[in-house]
1. Just how many % of Cα pairs in the chain lie over 16 Å apart, if you round to the nearest whole percent?
2. Considering only protein heavy atoms and a probe of 1.4 Å, how much of the accessible area of the chain is carbon and sulfur, as a whole percent?
3. Over the range 22-84, one equal point on each Cα, no solvent: what is log10 I(q)/I(0) by the Debye formula at q = 0.15 Å⁻¹?
4. Across the range 65-75, in residue order, what do the Karplus-derived ³J(HN,Hα) couplings come to in whole Hz, using 6.51 cos²θ - 1.76 cosθ + 1.60 with θ = phi - 60° and x for Gly and Pro?
5. For the range 98-111, take each phi angle, set θ = phi - 60°, evaluate the Karplus expression 6.51 cos²θ - 1.76 cosθ + 1.60, and give the result in whole Hz per residue in order, putting x for glycine and proline.
6. Picking from V63, Y93, T112, whose Cα lies most toward the positive end of the charge dipole for the chain (charges on Cβ: Lys, Arg +1; Asp, Glu -1)?
7. What is the sum of charges around V113, taking Lys and Arg as +1, Asp and Glu as -1, for the other residues whose C-beta is under 13 Å from the C-beta of V113?
8. Rolling a 1.4 angstrom probe over the protein chains, ignoring ligands and nucleic acids, what is the accessible area of V92 in square angstrom, nearest 10?
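The values are calculated or read from the model by the stated rules, or taken from the named source; none is laboratory data. Note that the structure is a prediction, hence the values are computed from the model and not measured. Counting neighbours? That spans all protein chains shown, and the Cβs are built from the backbone with ideal geometry, glycine included. Accessible surface is based on the protein model in full, side chains and every heavy atom, while ligands, DNA and RNA are left aside. Shrake-Rupley method; radii C 1.70, N 1.55, O 1.52, S 1.80 Å.
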Amino acid sequence: QVRLVESGGGLVQAGGSLRLSCAASGTIFRINALDWYRQAPGKQRELVAGITSGGLTNYVDSVKGRFTISRDNAKNTVYLQMNSLKPEDTAVYYCRAVVGLNTYWGQGTQVTVSS
């Protein structure tokens, strides 16, 4: 079993920054991919950014140039640095880990960007 705990969400004004963290614990042999998803009210959950065990990253177009995903393999932690935040970034942000053939989700952290 793998447990993911997100932190770092909150309320910020447009143009501001937040840094999300997701720490993985439990029975971990190797985490393949770590991703950040988000879900806004009334919308489907979408992939925001992902990073592989080798450090390859990908981003949804709407956050390119503003968000940066990184990981600390020694700490089994993934980060999402969010800059130049916009009201449309408001959502619950979820961490997802792919460990072998299994997928695990965190409980989510709320990010609210005021205009």
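1. 55
2. 49
3. -0.49
4. x, 10, 10, 9, 9, 8, 9, 10, 5, 5, 9
5. Rounded to whole hertz, the list is 10, 10, x, 9, 10, 10, 10, 10, x, 7, x, 9, 7, 10.
6. Y93
7. Here the count lands on +1.
8. About 40 Å², ignoring ligands and nucleic acids.
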